[in-house]
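A short worksheet on the structure shown next.
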Amino acid sequence: MKLKKILALLIVTVLAYSFLPLIPFWFTAPASNSDNNQSSMKRLKDNKGAYFSFIVFGDSHNGLFTNDASSLKLIWHMNREDRFKKVPIDFVLHTGDVSLNGSGWDFRSWKKVQALIKYPIIAAIGNHDDRKLFEEYCGARQFAFLNRNSYFIVVDNAEDGPDLIWLEERLKEGQKYDHTFVIMHKPPCDPYQQEWYNIDNAPWAYQLRKLLAKYRVDMVFAGHKHMFKHQRFDNIDYITTGGGGMLIEIPESEGGYLHYIRVMVNHDYVTYEVRKISPPLWLHVTYYLGKEALYWVRNWYGSGYIFGRNTKIIEPKVQGLNDKEYWFDRQE
């Protein structure tokens, strides 16, 4: 009995200790609003050479303590990326949804996170980010910038498809440089189809993919879906990185885990690595273990996202076909 009490006390102590980083964060001073996308681009303009690295993450959804706790865990690892001083890390890209619901509180929480990251931050706008507040706290919503031998285009597609005319002009400019990278919030190719909404069906998605292929973009970084996924279309690498702090609902086995991406550029060579980060222990116990258990039950019970059932749909008037029964997994 005494051993059980000691073990229980030890577990509670360890869980409480894993919660501690949040306490000083609540008293952290936020970064200045003048420390924004424009000021970060200015810090990069004098960088020279063709050998460098940068970090990409997204969907931190700051403003909720669970999301802030996960972001802090990621930041601790990000800030250690240059500890061996072998490859300079020039900046960090955020693929959008820096805020939970677009409120002032959420943006101030994001600015606290930004204050703890030691590299310049450049953020795209997400669909959860209020446009006016984003400009106030983060700066420009759509722009392009140069770093060393590479051209970066940050696209605003948070509310609808991007401005393809503007984008094509930037893509033409990018032809002068060794590499072109495009950053946006919503990916133009769906990384996870077990949901009610499939991005591939958006009218702009196909046009955007063909435009990026025309100008031979190296990589496209996006978020929106809370997961990691690498896809390749028309010889372009599409990286979905939405594991920056938001509670992730997708199964871990299918990319639903906390992470960030480190990209390395070495002259004409580009590669990347995924840094998978375990959530704070208290959050792992209170949420992530339960999430994975639900998926285990789903796999045993049926299919769908998270739970679903086979539903029969009768479509008697399909052009060119007789009456036919269609089966699909209904998305909850």
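The values are calculated or read from the model by the stated rules, or taken from the named source; none is laboratory data. This structure is a prediction, so every number in the text was calculated from the model and none was measured. For neighbour counting, all protein chains shown are included, and Cβ atoms are generated from backbone atoms with ideal geometry for every residue, glycine included. Accessible surface areas use protein heavy atoms only, side chains included; no ligands, DNA or RNA. Shrake-Rupley method; radii C 1.70, N 1.55, O 1.52, S 1.80 Å.
Structure data summary
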| read-out | value |
| --- | --- |
| Which listed residue is in contact with a helix residue (DSSP H, G or I) (Cβ under 9 Å, 6 or more places away or on another chain) and exposed (fewer than 15 other Cβ atoms within 10 Å of the Cβ), from 50, 69, 29 | 29 |
| Residue list for the range 175-209, filter: closer than 27 Å to residue 266 by Cα, in contact (Cβ under 8 Å) with a residue 40 or more places away in the chain and open to solvent by 70 Å² or more (accessible area, probe 1.4 Å) | 175, 178 |
| Test: residue 35 is of a type in the set (Asp, Glu) and modelled with pLDDT of 95 or more | yes |
| Those residues of the range 201-222 which are farther than 13 Å from residue 182 by Cβ and not aliphatic (A, V, I, L, M), in sequence order | 201, 203, 204, 206, 207, 210 |
| Per-region count, the range 32-47, residues buried (at least 21 other Cβ atoms within 10 Å of the Cβ) and either in a loop (DSSP other than H, G, I, E, B) or among the acidic types (Asp, Glu) (or both) | 1 |
| Yes/no for residue 134 being touching a residue at least 60 places away in the same chain (Cβ under 8 Å), under 23 Å from residue 244 (Cα atoms) and of a type outside the set (Gly, Ala, Ser) | no |
| In the range 156-174, the residues that are open to solvent by less than 10 Å² (accessible area, probe 1.4 Å) and touching a strand residue (DSSP E or B) at 6+ places or on another chain (Cβ under 6 Å) | 174 |
| Residues of the range 72-98 satisfying the condition of being surrounded by fewer than 21 Cβ atoms within 10 Å (Cβ to Cβ) and among the polar types (S, T, N, Q) | 79 |
| Among the candidates 70, 60, 32, 40, residue that is among the small types (Gly, Ala, Ser) and over 23 Å from residue 139 (Cβ atoms) | 70 |
| Single residue of 224, 259 found to be of a type outside the set (A, V, I, L, M), under 20 Å from residue 155 (Cβ atoms) and touching a helix residue (DSSP H, G or I) at 6+ places or on another chain (Cβ under 9 Å) | 224 |
| Elements of type strands (runs of 3 or more DSSP E) contained in the range 233-332, each with 3 or more residues being over 23 Å from the mean Cα position of the chain (by Cα) and at pLDDT below 95 | 310-315, 324-329 |
| Counted residues, the range 159-183 - those being in contact with a His (Cβ under 9 Å, 6 or more places away or on another chain) and within 18 Å of residue 37 (Cβ to Cβ) | 1 |
